[in-house]
């Protein structure tokens, strides 16, 4: 038995009873090293899959019924059938799995019923993509029980659609792609327009990735995320009138943006400036990491945070403090907020020997700050994408 599978199989037996063949799926969380709010603008992102994860234990049923439990909500079992129309409902946490089942059925994929228990070590609302991990794990569970295989890129697209339709979050393709297709010891430079990928090695003898959870829960179904998307779309519409070939902010140059500054509403200009400069930072940071120029990669991360704070206005004071305190520690190359913003986590690139000093300093500073909180900390390597453990 795989070491990580035993505890979740034991929990599964407590909830659904022993017996039968139980499979265990692992889907990692993800952290985005740089490239924020560029994905839905046809831009570049640079995520990696991380060690915190979702484990899903599942067993087939022959009646088409899906019975779903979560270790985060003990005693709560959600049921729906793959033989009838699947609609979003309560509790909301189950909509990620409901949506995946519905989208797979709509794509003509035959599904069996199942009992499934989700065990999550990712913070919900922490910006480490617990939702995408649950979606991809659910898809892999259905495929495994049906004895089917699917191109991971197609899995990612189905899971993205499920989040749009069933969770009401208009996410880009980054989260599901890295969760489904991550590579151990590598980050992924993803072109969100054509979905081409470049894997960049991250040597854990030279570099650690440290994630601090601000303990401020973000909620992307709120209006601010959608508002930023609308402002980006308003910018695209403006530039398309001037240059019909513009399909997204990806196609707008810094020179075009500056020449249009007087003609754009200020908030639209600022949003466009963040996205256009962030795209450039992301491709440069990937190149810098590829040549092991950690100082430059860190500098670009810091620039990214300033842009997210000042231009896109999606940071919060807690994230700003975590970044500021991280940069006071010798051996930290760069730090920034990561994820959609309005809470969630920061990510830092750190020399391995500096990790303990960083964790101790930032924890103390955050506790002693006006926020008075203790951050959760994840020190991680880059891991593989979703896999069937057994």
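The values are calculated or read from the model by the stated rules, or taken from the named source; none is laboratory data. Just so it is clear, the structure is predicted and the values come from calculations on it, not from any experiment. Because the Cβ atoms are built from the backbone with ideal geometry, glycine has one as well, and the counts that use them run over all protein chains shown.
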All-but-one check, residue 212 against (1) closer than 25 Å to residue 320 by Cβ; (2) part of a helix (DSSP H, G or I); (3) in contact with a helix residue (DSSP H, G or I) (Cβ under 7 Å, 6 or more places away or on another chain), failing number (2)
Only one of 314, 268 is closer than 19 Å to residue 233 by Cβ, touching a helix residue (DSSP H, G or I) at 6+ places or on another chain (Cβ under 7 Å) and assigned to a loop (DSSP other than H, G, I, E, B), namely 314
| request: Inspect all residues belonging to the range 122-141 and state whether any of them is modelled with pLDDT of 95 or more and over 17 Å from the mean Cα position of the chain (by Cα). | output: yes
From the option list 296, 292, 309, 302, single residue qualifying as without any contact (Cβ under 8 Å) to a residue 24 or more places away in the chain and either surrounded by fewer than 22 Cβ atoms within 10 Å (Cβ to Cβ) or in a helix (DSSP H, G or I) (or both) is 296
Query raised in the report: Residues in the range 236-251: is at least one surrounded by 14 or more Cβ atoms within 10 Å (Cβ to Cβ), in contact with a strand residue (DSSP E or B) (Cβ under 9 Å, 6 or more places away or on another chain) and over 26 Å from residue 375 (Cβ atoms)?
Result: yes
The condition of being touching a strand residue (DSSP E or B) at 6+ places or on another chain (Cβ under 7 Å) and closer than 20 Å to residue 176 by Cβ holds, among 60, 81, 70, only for 70
If you go through 190, 195, 207, the only one that is touching a helix residue (DSSP H, G or I) at 6+ places or on another chain (Cβ under 8 Å) and at positive phi is 195
Counting only residues in the range 90-102 that are under 26 Å from residue 154 (Cβ atoms) and in contact with a strand residue (DSSP E or B) (Cβ under 8 Å, 6 or more places away or on another chain), the one surrounded by the most Cβ atoms within 10 Å (Cβ to Cβ) is identified as 97
Scanning the range 11-33 residue by residue, those touching a strand residue (DSSP E or B) at 6+ places or on another chain (Cβ under 8 Å) and part of a helix (DSSP H, G or I) turn out to be 11, 12, 15, 16
(1) under 29 Å from residue 298 (Cβ atoms); (2) touching a residue at least 24 places away in the same chain (Cβ under 8 Å); (3) touching a helix residue (DSSP H, G or I) at 6+ places or on another chain (Cβ under 6 Å) all hold for residue 257 apart from (2)
Here the qualifying pairs (Cβ atoms under 6 Å; residues six or more apart or on different chains; first in the range 122-143 and closer than 16 Å to residue 157 by Cβ; second in a loop (DSSP other than H, G, I, E, B) and at pLDDT 95 or above) come out as 136/386; 140/386; 142/111; 143/150
Scanning the range 174-200 for residues that are closer than 9 Å to residue 30 by Cβ and at pLDDT below 95, the one surrounded by the fewest Cβ atoms within 10 Å (Cβ to Cβ) turns out to be 174
Kindly establish whether residue 319 is crowded, with 17+ Cβ neighbours inside 10 Å, within 20 Å of the chain's Cα centre (by Cα), at pLDDT 95 or above and assigned to a helix (DSSP H, G or I). yes
Out of (1) part of a strand (DSSP E or B); (2) in contact with a helix residue (DSSP H, G or I) (Cβ under 9 Å, 6 or more places away or on another chain), the one residue 40 does not meet is (1)
Given the condition closer than 23 Å to residue 229 by Cα, under 19 Å from the mean Cα position of the chain (by Cα) and in a helix (DSSP H, G or I), answer yes or no: does some residue in the range 339-348 qualify? no
Those residues of the range 217-235 which are buried (at least 19 other Cβ atoms within 10 Å of the Cβ), in contact (Cβ under 8 Å) with a residue 60 or more places away in the chain and either over 22 Å from residue 33 (Cβ atoms) or touching a helix residue (DSSP H, G or I) at 6+ places or on another chain (Cβ under 7 Å) (or both) amount to 228, 232
Selection from the range 361-376 of residues surrounded by fewer than 16 Cβ atoms within 10 Å (Cβ to Cβ), touching a residue at least 60 places away in the same chain (Cβ under 8 Å) and either at positive phi or not in a loop (DSSP other than H, G, I, E, B) (or both) yields 376
In the set 389, 358, the lone residue that is crowded, with 16+ Cβ neighbours inside 10 Å and either modelled with pLDDT under 95 or more than 26 Å from residue 55 (Cβ to Cβ) (or both) is 358
Those residues of the range 237-266 which are within 25 Å of the chain's Cα centre (by Cα) and more than 25 Å from residue 319 (Cβ to Cβ) amount to 247, 248, 250, 251
